[in-house]
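Take a look at the structure set out below.
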Amino acid sequence: MNQINLKEQVNIIREAFGYINQFKGATFVIKLDSTLIEHPFFSLVIKDIALLHHMGIKIVIVPGARQRIDEILKAFHVRCRIVNGTRITSPGAIPFIKMAAFDVSNKIMTLLAENNTHGIIGNWAKARGIGVINGINYQNSGIIEKVNSDIVKTVLDQGMIPIFPNIGWSAKGKPYNISSNELAATISQELRAAKLFFLADFEGITANTYKLPRNVQVTADGIISRMNVTEAEKMLELNSSRKHDFKMELISLAHKACTEGVQRVHIVDGRGEGMILKEIFSSRGWGTMIYANDFENIRPMQHADIGEVLHIMQPSIKERSLLPRTAEELETNMEDYVVFEIDGAIHGCGALHIHSSDQAEVAALAVDSAQANQGIGSKLMKYLLQKARAAKCKEVFVLTTQAPDWFSKAGFKEASVLSLPESKKKQYNKNRNSLVFTYSLKRKARQRRLRVE
């Protein structure tokens, strides 16, 4: 094994152990799309879920049953109309729908048992009828009212995995066919889950299909990588005419879950081997995530961060795009440095050195190669510019050998070495012959005031 591959594996192991420690004892609610049940990799999905359970993560499973319901209704020649994605469930159809829902749940419980994990199926969801909407009687189709979370918590504390079929019961014991997506979202809210997963049969929310808010991050494959709740709400507004679209339904449920206490919602392709593990134990992300808390956090560097910061800098130092720095140098100038943190792991760094009351230098800007093209460098730069502005500096400069285009795009203008402060001129390495770029804070501040007025 070459050194590069070995280094990558070590980094993956370190990152995974960090997440294991972070999520031990946390609750994850996992909704499994009905189309996944017969997929060749489905047994591996359950194996991965069992693995998470054995790591100390509390798991709740909500299996979708639409595909199995369709099969059973067809076999017994029972017809049910679907309106805006909701099945109108007649009293004659409800026994067959219950059969299908519990059939799927039993299959999952069996697969869990094969992985030395105990699952239990329960009637913990309370529901009421949808009633009549726009003249349509939805009969035995229901809306979730609440989940008996106390019993569910007891089951989780006893080391078992609760499995929720998509059937809810009224106070008088009347069964209703309910949405498994809504059920999963409600459970996650009432349990204050750390994560809600929608394991689907697609890779995530595709960007080119919908109207998007500005600055939403999209992968090279055209998948929306992540959105905060504000961005998700804006996307719902922009696509309000498509509220019955299945993917927009997931965005809506994710938005509500996050505003009600769920930390993060992940829409992930369940057909790929190990996808749920990749999504949990990697900061990269493989589907679409909607998050409530600050997924990204720029903060001052601490002494314990120095090793990781030097590690992130090393590739750029080898490429000679960044000057070498020692742990002692970082410690001496610690108050100048900031780090970009994702889930407790550092993926970027930068520094702002104040040279005078007028000028400051942006330096040591580096991003983990695994997080390239995620906008981390730009966010660090904006943060450092704000920091310089708060220090009442009039100008920021940077020295670069390999990234002039990047700094130009960020609003910097090429300048002469003569524009540097005297202290920096004395340190300037003529053999390195770095290009000088400057950014006028005074000019930008005037533009902002004009826009506000």
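The values are calculated or read from the model by the stated rules, or taken from the named source; none is laboratory data. What you see is a predicted model; the values in this text were computed from it and never measured. Positions of Cβ are generated from backbone atoms using ideal geometry, with glycine treated the same way; all protein chains shown enter the neighbour counts. Remember, those area values only see protein heavy atoms, side chains included, never the ligands or the DNA or RNA. Shrake-Rupley method; radii C 1.70, N 1.55, O 1.52, S 1.80 Å.
A few points about this structure:
- A cut-off of 5 Å between modelled amide H atoms, ignoring neighbours fewer than 5 places along the same chain, links ALA415 with VAL436, PHE437, THR438.
- Within segment 79-137, trypsin sites (Lys or Arg not before Pro) in DSSP loop having at most 12 other beta-carbon neighbours inside 10 Å: ARG79, ARG81
- With Cα atoms, 0 to 90° folded angle of helix 180-190 axis to the chain main axis: 60 degrees
- Karplus-based coupling profile of segment 388-394, in residue order and whole Hz: 5, 5, 5, 7, 6, 6, 9, with θ = phi - 60° in 6.51 cos²θ - 1.76 cosθ + 1.60 and x standing for Gly or Pro.
- With every protein chain in place, segment 329-410: carbon and sulfur % of accessible area (1.4 Å): 47 percent
- Karplus-derived HN-Hα couplings along segment 93-106 (A = 6.51, B = -1.76, C = 1.60, θ = phi - 60°), whole Hz, x at Gly and Pro: 8, 4, x, 6, 5, 4, 4, 5, 4, 6, 4, 5, 4, 5
- All aspartates and glutamates inside 16 Å of LYS387 as judged from Cα atoms, apart from same-chain residues fewer than 8 positions distant: GLU335, ASP336, ASP358, GLU361, GLU395
- Between the amide H of ILE57 and those of GLY25, distances stay under 5 Å, these residues lying 5 or more places away or on another chain, with hydrogens modeled in the peptide plane.
- Ranked packing of 371-382, 187-198, 147-158, most packed first, by mean Cβ within 10 Å: 187-198, 371-382, 147-158
- Rounded, prolate or oblate (a/c below 1.5 giving rounded, otherwise prolate when a/b exceeds b/c) for segment 86-148 by Cα gyration tensor: prolate
- Percent antiparallel among DSSP beta bridges (both partners in the chain, rounded to 5): 60 percent
- Shape call, the chain: gyration tensor on alpha carbons, a/c limit 1.5: prolate
- C-alpha long axis of helix 306-318 to longest principal axis of the chain, angle in °: 70 degrees
- Nonpolar atom fraction for segment 144-258, defined as the carbon and sulfur part of the 1.4 Å probe accessible area, stands at 45 percent.
- Amide H partners (placed H, <5 Å) of GLU145, local residues excluded: LYS126, ALA127, ARG128
- Cα-based shape type of segment 90-189, given that a ≥ b ≥ c are square roots of the gyration tensor eigenvalues and the cut on a/c is 1.5: prolate
- Rounded to 10°, Cα long-axis angle of helix 3-23 versus longest principal axis of the chain: 60 degrees
- Loop-located GluC sites (Glu not before Pro) in segment 236-276, at most 13 other Cβ atoms within 10 Å (DSSP): GLU273
- Cross-link check: pairs LYS211/LYS413; LYS211/LYS409; LYS74/LYS247; LYS74/LYS172; LYS31/LYS74; LYS146/LYS243 evaluated at a Cα-Cα cut-off of 28 Å; pairs beyond the cut-off: LYS211/LYS413; LYS74/LYS172.
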